[in-house]
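S.K.: Could you have a look at this structure, given as structure tokens, before my questions?
The values are calculated or read from the model by the stated rules, or taken from the named source; none is laboratory data. None of the values given here were measured: they were computed from a predicted structure. Virtual Cβ from ideal backbone geometry, glycine too; neighbours counted across all protein chains shown. For accessibility, only protein heavy atoms count, side chains too; no ligands or nucleic acids. Shrake-Rupley method; radii C 1.70, N 1.55, O 1.52, S 1.80 Å.
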Amino acid sequence: MVATFKNYRDLSAFAANKIIRLVKHKKNAVLCLAAGDTPALTYHLVVETAKREAISFSEIIFTGLDEWVGIGPDIPGSCYHFLQQKIFGPLGIKKTQIHFFNSMATDLQQECNRINTIIQTVRGIDLALVGIGLNGHVGFNEPGIDPAGSAHVVTLDEVTSIVGQKYFKTNTALSKGITLGMAQIMQAREVLLLAAGTKKAAIIRRTLKEDISNAVPAGFITTHPNGWILLDEEAAAEL
Ligand code: GLP
């Protein structure tokens with residue numbers, strides 16, 4: 001389903017409401033949340049509502065979506081740091097509730113295996129909230145990805161390494177990422193893909209108008225039975 005909202009705030013309120021409703025309904029739901037600029041307001045609204053309505057997140061499980069290889073959790077710009085600041089910290093989420101990639105691990109393949117096992121053990125993701133890269137990536141599933149893949153290490157697209165600088169105060173070498181695979185995202189019981197702003201308009205056009213293929217990985221989400229492409233009017237401008 002594609003839903004277009006008047007503005008970023010309405011889009012974020014819709015996504016936040018989906019998370020809140022799930023958490024109210026399923027105390028031990030498994031959430032997979034993206035970092036990035038786009039979901040920031042969604043997380044702010046989730047925290048605000050959870051506090052206002054005293055909604056407990058104490059049994060919710062969080063799985064990581066992706067991380068920059070070699071960028072530790074304490075470094076502003078890492079996906080973990082972002083989520084810690086925006087949602088884990090404010091909601092008082094315990095470390096035992098969070099299953100995130102350790103992108104500093106010496107054996108990254110073992111780290112992928114560890115996360116694959118965790119996702120199986122928790123019986124899959126209830127809700128995955130993802131963004132979209134300017135090249136159509138989801139997590140770090142870059143163009144050309146194997147759609148059947150599970151967690152893996154990826155050499156980042158040039159676009160991703162360049163755009164990724166926006167998360168860091170100083171120039172940071174970003175060459176590899178570690179990410180859940182497209183199949184794991186597609187196996188989530190519900191997927192929300194958020195896109196906001198004019199800069200996302202061209203890739204949203206490609207996502208929704210081109211034949212579905214790994215050239216634009218975000219396109220796969222349009223085939224998910226419970227997949228939502230949530231846009232603001234600016235991101236929908238080229239449709
Ligand atoms: C990043 C991340 C994605 C994120 C996407 C969009 O590189 N790997 O998980 O969703 O790009 O980010 P933003 O919301 O900042 O545009």
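S.K.: Helix by helix, which DSSP H runs in the chain go 15 Å or more along their axis at the Cα atoms and have an average Kyte-Doolittle hydropathy of -1.0 or more?
M.R.: Numbers: long enough: 8-25 (26 Å, -0.01); 40-52 (18 Å, 0.14); 108-121 (20 Å, -0.51).
The qualifying helices are 8-25, 40-52, 108-121.
S.K.: Run through the range 150-239 and list the trypsin sites (Lys or Arg not before Pro) located in a DSSP loop whose Cβ has at most 12 other Cβ atoms within 10 Å. Let's see the in-between values first.
M.R.: Working: sites: Lys166, Lys169, Lys176, Arg189, Lys199, Lys200, Arg205, Arg206, Lys209; in loops: Lys169, Arg189.
Here the trypsin sites (Lys or Arg not before Pro) that fit, given the DSSP loop and packing criteria, are Lys169.
S.K.: How much net charge surrounds Ser58 when only the other residues with a Cβ under 9 Å from the Cβ of Ser58 are counted, with Lys and Arg +1 and Asp and Glu -1? Walk me through the intermediate numbers first.
M.R.: Details: positive: Lys27, Lys94; negative: Glu59.
Taking every Cβ under 9 Å from that of Ser58, the sum is +1.
S.K.: Still on this model: Given C-alpha coordinates of the chain, what is the ratio Rg to Rh with the Kirkwood estimate of Rh?
M.R.: The Rg/Rh ratio comes out at 0.93.
S.K.: How big is the gap, in Å, between the Cα center of the range 1-80 and the Cα center of the range 86-104?
M.R.: 12
S.K.: Here's a follow-up. Which whole-number value in Å² is the accessible area per residue of the chain, probe 1.4 Å? Could the numbers behind the result be given before it?
M.R.: On the way: 10660 Å² over 239 residues.
For the chain, the solvent-accessible area averages 45 Å² per residue.
S.K.: What is the sum of charges around Glu111, taking Lys and Arg as +1, Asp and Glu as -1, for the other residues whose C-beta is under 13 Å from the C-beta of Glu111?
M.R.: -1
S.K.: Find which of Met1, Phe220, Ser150 sits farthest along the positive direction of the dipole of the chain, computed with +1 on the beta-carbon of Lys and Arg, -1 on that of Asp and Glu, about the Cα centre.
M.R.: Sorting the options by dipole projection puts first Met1.
S.K.: Roughly how large, in nm² to one decimal, is the mean projection of the convex hull of the alpha-carbon atoms in the range 14-130?
M.R.: Working: hull surface 27.1 nm².
Convex hull of Cα atoms, orientation-averaged projection: 6.8 nm².
S.K.: A further question on this structure: What percent do you get for the relative contact order of the chain when only Cα pairs under 8 Å and 6+ apart count?
M.R.: On the way: 470 pairs, mean separation 58.1, N = 239.
Dividing the mean separation by the residue count of the chain yields 24 percent.
S.K.: Is there a quick way to get the dipole size of the range 1-131? I mean about its Cα centre, with the Cβ of Lys and Arg at +1 and of Asp and Glu at -1; what is the value in debye to the nearest 20? Walk me through the numbers on the way to the answer.
M.R.: Values: 14 positive and 11 negative charges, 126 e Å.
Value, rounded to 20: 600 debye.
S.K.: To continue, here is another question. Putting +1 on Lys and Arg Cβ atoms and -1 on Asp and Glu Cβ atoms, find which of Ser58, Asn113, Ile71 reaches farthest to the positive end of the dipole of the range 54-117.
M.R.: Ser58
S.K.: Lys and Arg at +1, Asp and Glu at -1: add these up for the other residues within a Cβ distance under 14 Å of Ile185 and post the number. Don't jump to the answer; show the numbers that get you there.
M.R.: Numbers: positive: Arg189; negative: Asp66, Asp126, Glu142, Asp146, Glu190.
Here the count lands on -4.
S.K.: So which trypsin sites (Lys or Arg not before Pro) in the range 1-108 end up in coil per DSSP with only 12 or fewer other C-beta atoms within 10 Å?
M.R.: Lys6, Lys27, Lys94
S.K.: Here's something else I'd like to know. Using Cα pairs closer than 8 Å and at least 6 residues apart in sequence, work out the relative contact order for the range 109-155, in percent.
M.R.: Numbers: 23 pairs, mean separation 20.1, N = 47.
Once divided by the residue count of the range 109-155, the mean separation gives 43 percent.
S.K.: Going down the list Lys51/Lys86; Lys6/Lys26; Lys24/Lys51; Lys86/Lys166; Lys176/Lys209, which pairs span over 19 Å between their C-alpha atoms?
M.R.: On the way: Lys51/Lys86 14 Å; Lys6/Lys26 30 Å; Lys24/Lys51 13 Å; Lys86/Lys166 17 Å; Lys176/Lys209 29 Å.
Pairs exceeding 19 Å: Lys6/Lys26; Lys176/Lys209.
S.K.: Considering only protein heavy atoms and a probe of 1.4 Å, how much of the accessible area of the chain is carbon and sulfur, as a whole percent?
M.R.: Working: 5550 of 10660 Å².
Summing carbon and sulfur atoms, their accessible area is 52 percent of the total for the chain.
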